[in-house]
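Data block below; observations after.
Taken together, the values in this text are just the output of simple stated rules run on the coordinates, not laboratory data. Everything quoted here is computed from the prediction, not taken from an experiment. Don't worry about glycine lacking a Cβ; one is built from the backbone with ideal geometry, like all the others, and counts go over all protein chains shown.
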Amino acid sequence: MTSLRAAALTDIGRVRQRNEDRYLLDLETGVFGVADGVGGLPGGADAAQRSVDEVAAALRDVAPGEAPDLTAITQQVNFNVHVLGLKLSPSMGIGSTLTFGQVSGGVLHIAHVGDSRCYGYRQGKIQQLTEDHSVENEAKVRRARGETVYYHEANRNALTRCIGQPSPPMVDLIDRQLEAGDRYLFCTDGVTRLVRDSELCDLIDRDATPDEILQEIVSLAVRRGGPDNATGVMVIIDSVS
């Protein structure tokens, strides 16, 4: 049995006219995560909202003791968001990132598409558990394989995968064995582009509640200009048995 505490917080920031971030926090099913409507496309808020609603519903429907197929769930969410996009924006579609995890059997099972992130904190050190699905990161991977890849600097942060795309996205799966004292942060790029990993580590390390930690993280991103919506879900693992 895992004992944990969690909190979620979102802020519209200082520039955007609408908050297109959404979060997941369901203590009953042990599900936590974030979704961020893709900028430059219409219906970002609709895509993010549909994403978190679909994940929450799918995991509530899983029978007790049954291991959910997070890849299948995520790809079904993608299909449903794509269908919604055909109605709301036939010419362009809609899209969202989606990074979520479920605590089950002493393990955090993470599914990830896009450039929102999940960080793990353990014994004074922070680790980015997910990899951004961006043009820059994909180029790095392909170059490591010996390929010659070029991209325009203006497109370095453009997504290579998202929820709502026409074809099923490749879903990154990460399993993390839990330990007492672990802390996990799910957050959108409105946080990570403004707050360095070393700063996140210091803030997460504080002797504080999940709410207090998130308040510090999100308010720091907003104080630094808040060019985007900033959203986080903080999970503190108190015990694992």
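Counting only other residues whose beta carbon sits under 15 Å from that of residue 6, what net charge do I get with K and R as +1, D and E as -1?
-4
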In nanometres, the difference between 0.36 nm per residue of separation and the alpha-carbon distance of residue 137 and residue 125 is 2.0 nm
Gain upon complete extension [residue 157, residue 179; 0.36 nm per residue less C-alpha separation]
4.6 nm
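Starting from the Cα gyration tensor of segment 48-139, take the square roots of the eigenvalues, sort them a ≥ b ≥ c, and report rounded, prolate or oblate (rounded when a/c is under 1.5, otherwise prolate if a/b is larger than b/c, else oblate).
Oblate, since a/c reaches 1.5 and b/c is not below a/b.
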What's the local net charge at residue 122, with K and R +1, D and E -1, over the other residues with C-beta under 12 Å away?
0
Can you list, bin by bin at 5 Å, the percent of alpha carbon pairs in the chain, starting at 0?
1, 7, 14, 18, 20, 17, 13, 7, 3, 1, 0
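For every other residue with a beta carbon closer than 9 angstrom to the beta carbon of residue 181, add +1 if it is Lys or Arg and -1 if Asp or Glu, then tell me the sum. Please report the intermediate quantities before stating the final value.
Numbers: positive: 122, 183; negative: 179, 182, 238.
Around residue 181, the charge tally is -1.
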Going by how many other Cβ atoms sit within 10 Å of their own, how do 198, 104 line up, fewest first?
198, 104
Which order do 61, 11 fall in if you start with the one that has the fewest other Cβ atoms within 10 Å?
61, 11
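Using packing as a proxy for protection, rank 127-133, 230-236, 107-113, 187-193 so that the peptide with the highest average count of other Cβ atoms within 10 Å comes first.
Ranking the peptides 127-133, 230-236, 107-113, 187-193 by packing returns 230-236, 187-193, 107-113, 127-133.
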Mind giving me the FRET efficiency for residue 1 and residue 198? R0 is 41 Å, r the Cβ-Cβ distance, nearest 0.05 is fine.
0.75
Residue order, fewest to most surrounding Cβ atoms within 10 angstrom, among 86, 214, 194
86, 194, 214
Global geometry of segment 160-241, whether rounded, prolate or oblate, following the gyration tensor of its Cα atoms and the 1.5 cut on a/c
oblate
From the square roots a ≥ b ≥ c of the eigenvalues of the alpha-carbon gyration tensor of segment 1-103, which class results: rounded (a/c under 1.5), prolate (a/b over b/c), or oblate?
oblate
DSSP H helices in the chain with Cα extent of 15 Å or more along the helix axis and mean Kyte-Doolittle hydropathy at least 0.0?
70-88, 210-223
